[in-house]
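These notes are about the structure you will find just below.
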Amino acid sequence: MFLSRSLVRAGASLRNTTSLISVRAFTQSVPRRNEDSPFSSAGVPQETAARSPVVDTGVFNEVNLQIEDFPGIAQGAFDPSITAKLLAPLDPDEIEIKPDGLIYLPEIKYRRILNASLGPGGWGMVPRSPHTFQDRILSREYALFAMGRFVGQARGEQIVFDRHGFPTASEGVKSNALVRCCKDLGIASELWDPRFILEWKQKYAVERWVTDTRTNKKSKAWRRNDRVFDAPLVESTFSSSAAGGAKPGVPGAGGGQHSSENCHPVRWGSMHMRARPLCMRLWAGLFTHIRRPILIILTEEFLYLQTTFQDQQASAGVLRINRDDGAISLEREMPSGSPKLIDAFLGLINLHSGLHMVTVEASRRVGRIGESDAVYMLQDVSITRISRSPEDNLTPVQLSTDRDHCDMIARLLVKGGFYFSPTYDLSRSLQAQRDLQQANPAYQDKLLSRRFDTAFNWASFLQFPLMKQIMADSTGSLAGAAAFLMPIMCGFVSISPVTMSNGRSFDYILLTRRCVFRAGTRYNTRGVDSTGRVANYNETEVQVRLAGASGPGDIMSYRQTRGSMPFYWRQITNLRYTPALEFDNLALCLDVFKKHFNDEVSKYGDVVAVNLINAGGYEGRLGQMFGELIENIDNPRVHYLHFDFHAESKAGRLANLTAKTEALGERLAVQGFFHESPDGQVLSRQHSIVRTNCMDCLDRTNVAQEMFARLALVDFLSRSGILSSASSDAIPSNLDYILRNVWADNADAVSTFYSGTGALKTDITRTGKRTMRGALQDGINSLQRYLTNQFLDGRRQDAIDALLGQQSTTASPDDDANAANKVVRPAGVKYMPFLFFLSLFNVAATLVNRPSSPTYTFLILAFWSGLAFTSARGILNNGGHLVSRPRIWDPRSGRVKPFWSPSCLSDGDCQ
């Protein structure tokens, strides 16, 4: 209700003059009364209207107030003891916040302040107008009197939700008027100070994504740090700094009192799910396994973690992490606070804005290895800022870089095919685990994060700040802290139960582990580095676990590897479909070639190197160099076989491929496989390994690896009496179907990470023959792979480097330290594509419209055609400046030295 005061008609002194103050209360016109409605014309229930002093006529109502109605106004200040209590600073713990971000002091606290300062009976609220009800809003004018003096006057209001709520709403109107009147006494005046609002929210409140259970809609909402949302709001597992709302680091951005902190939380798993059709989201949700083994509590100074498994609580204790410097300690009990459950704690990452914790919010169970070792796939990841350091001293570039790192890492972890198991070592083959157990009987008693191979742990960099403290602790008091760190493997996991026609059953398990060394995307990481580690290196293991009559049966394990050709070569994207092949450091190629194969021999035994690249064309140069280097290393434990996959399988002649693999029959027979009895006795071992490569180690390599694994499987099943003979023809159709589809899925997983698309030639793997549909799908994948490699791989490479610590997370692309690693794009190159398409458009428009003068038409066509030709040549000549490049380093200038290497967790040489 709006009040307009008339002029004071007479007044020399407010004390002595009895002038009349005319006050007009304006009310809007009211809709025509509905006789069938239980409400009166003013919207008041009929039975209430008869006894309620409600006035709502829709006209100006003249309310005459005498000056005597404002006794003691402005006569002087209250006693200093009263004033001190009224103006006392608020206790931050008594302030509340609404979901929309508005902070407030509960009305009962205002009453307590008045009672504490004036005493009960020393103040009161006097109504100054009848109730007014319109559009379901009840309001009334009240005046606040204190110590017999007029203090202030305000109109309170309250929404009436149903016809029986008028008594409660009337009380709410009075309370609302009291809060407004108390502003004149200076009570809680901080709540209207923008600086105080911002500081309080940054320290005591957080903004989170919530789901309204009534509508299932997601939105951002505020809550105190130590509270949870009230119904119907439920904190959601979906959050994204890019999803709207206030701008991080900008006070007041987004309207009202809203502000948000940098980079927390950033979750992309659910966002990825939301981008899919509803049917796909529901289907994926059916397979999401709900597990919450880790309990976390965030206090003012520390982050606490505790396992929810009773048998582990005593041994692990409670992990306490300092929010400022990341220092850890083990405590006996959890503090009080608002708890949160997560699937796994991956570690910490330090950004410009301080420490951030990386947690797994949701995961999907893939299956079990054996009877009890469950394997999970990451579905949703959260990156949350836990540092208490202020962000005011950070530049916009630093804040943007932090958000970018959070965005890239979270997207990669959700989309990259990452797996973890709380109890099984996914980083080592079964034979490698048994070798370690034999060499060190205490190996199996070690915590998983301590025995996990760092070459395959993609969370090593995130866990390094904590593992460094654990390893440096000479007393051993921090040893249990490693139990909270969950190592993760990147690659592929498939667990398929198989039942044969003779009643025998077993689990067919396929594990592919991607190495963290020289990890990256297709054209950004090729060849080998100075230590002999190659790009796109994967170890693939097949396990067959037989089911016995009353428990587990025999176990077979067969492993093989793939990786880029181990010498210095590269292809730099430049908009051409096949970038030019370049060789680097030819004088040093033999040295790194030896290092690579020496590592393979020391780890696996004899190596059978199978090279599948074309014998002619530009690939032929690589094959020739591979063969020459094999001869020069003169290592009797390295055996080499080169056959042209495309030539052998041309026109669908897949029998030639089978013949080539069978040519390795003698080598494979000597190679063998790992075989273990149910009581743990090792019956046989794998003595060598097949190392396969093609150009990208994707499509052709996967077809060959499936053939080698099939031969080992047939051999084992025939020896176990499950198959009648050691021939591939003895495989029944149901097992053949599983093998083909599992290996095709493996091909897609490995290819998607490295090249950005699914694998080619999967029709050969799935059906055993080349099909027209498969060729068409290969064409689509090839086009998508080209676009991804040219325009998206730079950012994907940055994400991999950020996760693995291969680029500084506290440096930006504009830092002077990175200037030497960047190639400057010539001015004007970015406008060439625009000129090219503009020229084509004008050529087409001229041909369609055809001006009347042939000479004029010829000149126009000549001009735009010449401009199109010139711009096209400029695009091709400068294509390297138009494609996506990694931000921190450029492959044309050489990779920067890694800031961190996971090998330091093994040798202890960590800076």
* Among the residues of the stretch 436-456, write down those that are of a type outside the set (S, T, N, Q), open to solvent by less than 50 Å² (accessible area, probe 1.4 Å) and assigned to a helix (DSSP H, G or I). => TYR443, LEU448, ARG451
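Evaluate the following for ILE888: is it modelled with pLDDT of 65 or more and in contact with a helix residue (DSSP H, G or I) (Cβ under 7 Å, 6 or more places away or on another chain)?
Details: modelled with pLDDT of 65 or more: no; in contact with a helix residue (DSSP H, G or I) (Cβ under 7 Å, 6 or more places away or on another chain): yes.
The answer is no for ILE888.
Residue by residue through the stretch 144-171, note down the ones that are assigned to a strand (DSSP E or B) and closer than 30 Å to GLN75 by Cα. If you could, list the steps in order and put the result at the bottom.
Narrowing the stretch 144-171 to residues assigned to a strand (DSSP E or B): 144-146, 149-159.
Passing the criteria: LEU144, PHE145, ALA146, ARG149, PHE150, VAL151, GLY152, GLN153, ALA154, ARG155, GLY156, GLU157.
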* To do: Report whether or not ARG411 is surrounded by 19 or more Cβ atoms within 10 Å (Cβ to Cβ) and of a type in the set (D, E, K, R).
  => yes
* Asked: So which residues in the stretch 541-572 are polar (S, T, N, Q) and closer than 17 Å to ARG434 by Cα, if there are any at all?
  -> GLN543, SER557
* Mind checking whether some residue in the stretch 574-590 is open to solvent by less than 10 Å² (accessible area, probe 1.4 Å) and at pLDDT below 90? -> no
* Structure fact -> Counting only residues that are open to solvent by 30 Å² or more (accessible area, probe 1.4 Å), farther than 21 Å from ILE97 by Cα and within 45 Å of the chain's Cα centre (by Cα), the stretch 153-177 contains a total of 2
* Asked: Would the stretch 545-555 turn up any residue that is among the β-branched types (Val, Ile, Thr), crowded, with 21+ Cβ neighbours inside 10 Å and at pLDDT 95 or above?
  -> yes
* **Hey, LEU510 under 27 Å from LEU430 (Cβ atoms) and not polar (S, T, N, Q) or not** => yes
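Yes/no per residue for (1) without any contact (Cβ under 8 Å) to a residue 12 or more places away in the chain; (2) outside any strand (DSSP E or B); (3) of a type outside the set (Lys, Arg); (4) within 26 Å of GLU666 (Cβ to Cβ):
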| residue | (1), (2), (3), (4) |
| --- | --- |
| PHE567 | no, yes, yes, no |
| TYR577 | no, yes, yes, no |
| VAL592 | no, yes, yes, no |
| PHE597 | no, yes, yes, yes |
| LYS603 | yes, yes, no, yes |
* Can you tell me which residue among LEU723, LEU711, LEU760, LEU739 is assigned to a loop (DSSP other than H, G, I, E, B), closer than 21 Å to SER649 by Cα and not polar (S, T, N, Q)? => LEU760
* Structure fact -> Residue pairs qualifying under the 8 Å Cβ cut-off, at least six apart or on distinct chains, with the first in the stretch 104-132 being polar (S, T, N, Q) and the second being part of a helix (DSSP H, G or I), are SER117/ILE82; SER117/LYS85; SER117/LEU86
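Among SER505, SER530, which is the only one that is touching a Ser or Thr at 6+ places or on another chain (Cβ under 8 Å), among the polar types (S, T, N, Q) and either open to solvent by 10 Å² or more (accessible area, probe 1.4 Å) or at pLDDT 95 or above (or both)? Lay out the reasoning, then the answer.
Values: SER530 fails: touching a Ser or Thr at 6+ places or on another chain (Cβ under 8 Å).
The match here is SER505.
If you go through the stretch 91-107, how many residues are surrounded by fewer than 18 Cβ atoms within 10 Å (Cβ to Cβ), out of contact with any Pro (no Cβ under 8 Å at 6 or more places or on another chain) and part of a strand (DSSP E or B)? I'd like the intermediate steps shown before the answer.
Step one: filter the stretch 91-107 for residues surrounded by fewer than 18 Cβ atoms within 10 Å (Cβ to Cβ), giving 91-94, 96, 98-100, 102, 104, 106-107.
Subset that is out of contact with any Pro (no Cβ under 8 Å at 6 or more places or on another chain): 91-93, 98-100, 102, 104, 106-107.
This time we only want the ones that are part of a strand (DSSP E or B), so: 104.
Looking only at that region, the number is 1.
What number of residues within the stretch 671-701 satisfy the criterion of being within 30 Å of PRO552 (Cα to Cα) and either touching a residue at least 40 places away in the same chain (Cβ under 8 Å) or not assigned by the TED database to the domain that holds ARG526 (or both)? Explain how you work it out, then say what you get.
The initial filter retains those residues of the stretch 671-701 that are within 30 Å of PRO552 (Cα to Cα), namely 671-690.
Next, from what is left, pick out any that are either touching a residue at least 40 places away in the same chain (Cβ under 8 Å) or not assigned by the TED database to the domain that holds ARG526 (or both): 671, 673-678, 682-683, 685-690.
Qualifying residue count for the region: 15.
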* Structure fact -> Among strands (runs of 3 or more DSSP E) entirely within the stretch 608-693, at least 2 residues that are surrounded by 16 or more Cβ atoms within 10 Å (Cβ to Cβ) and modelled with pLDDT of 95 or more occur in 674-676, 688-693
* Hits in the stretch 380-408 - residues which are surrounded by 14 or more Cβ atoms within 10 Å (Cβ to Cβ) and either of a type in the set (Ser, Thr, Tyr) or within 26 Å of VAL542 (Cβ to Cβ) (or both) -> SER382, THR384, SER387, SER389, SER400, THR401
* Between residues in the stretch 395-408 that are in contact (Cβ under 8 Å) with a residue 40 or more places away in the chain and not assigned by the TED database to the domain that holds GLY794 and residues that are open to solvent by 30 Å² or more (accessible area, probe 1.4 Å) and in a helix (DSSP H, G or I), which pairs lie under 7 Å by C-beta distance while being six or more apart or on different chains? -> MET408/ARG795
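Looking at ARG368, ARG411 in this structure, which one is under 16 Å from the mean Cα position of the chain (by Cα), charged (D, E, K, R) and at pLDDT 90 or above? Steps first, answer last, please.
Details: ARG368 fails: under 16 Å from the mean Cα position of the chain (by Cα).
Matching residue, one of ARG368, ARG411: ARG411.
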* Where residues in the stretch 729-761 are of a type in the set (S, T, N, Q) and touching a residue at least 40 places away in the same chain (Cβ under 8 Å), which of them is surrounded by the fewest Cβ atoms within 10 Å (Cβ to Cβ)? -> ASN734
* ARG740 vs. criteria at pLDDT below 90 and either closer than 30 Å to SER501 by Cβ or touching a strand residue (DSSP E or B) at 6+ places or on another chain (Cβ under 6 Å) (or both) -> no
* Asked: Looking at the stretch 190-215, which of its residues are hydroxyl-bearing (Ser, Thr, Tyr), farther than 25 Å from PRO390 by Cα and touching a residue at least 24 places away in the same chain (Cβ under 8 Å)?
  -> THR211
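So that you can scan it fast, the table gives a plain yes or no per residue for (1) among the polar types (S, T, N, Q); (2) modelled with pLDDT under 90:
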| site | (1), (2) |
| --- | --- |
| VAL843 | no, no |
| THR846 | yes, yes |
| PRO854 | no, yes |
| LEU861 | no, no |
| TRP864 | no, no |
| PHE869 | no, no |
| ILE875 | no, yes |
| GLY880 | no, yes |
| VAL883 | no, yes |
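Conditions (1) part of a strand (DSSP E or B); (2) closer than 22 Å to GLY72 by Cα; (3) open to solvent by less than 30 Å² (accessible area, probe 1.4 Å), marked per residue:
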site: LYS109; (1), (2), (3): no, no, no
site: PRO120; (1), (2), (3): no, yes, no
site: GLU141; (1), (2), (3): yes, yes, yes
site: VAL179; (1), (2), (3): no, yes, no
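The values are calculated or read from the model by the stated rules, or taken from the named source; none is laboratory data. This one's a predicted model, so the numbers in the text were calculated from it and none came from an experiment. Note that we place each Cβ from the backbone using ideal geometry, even for glycine, and neighbour counts take in every protein chain shown. What goes into the accessible areas is simple: the full protein's heavy atoms, side chains included, and nothing from ligands, DNA or RNA. Shrake-Rupley method; radii C 1.70, N 1.55, O 1.52, S 1.80 Å.
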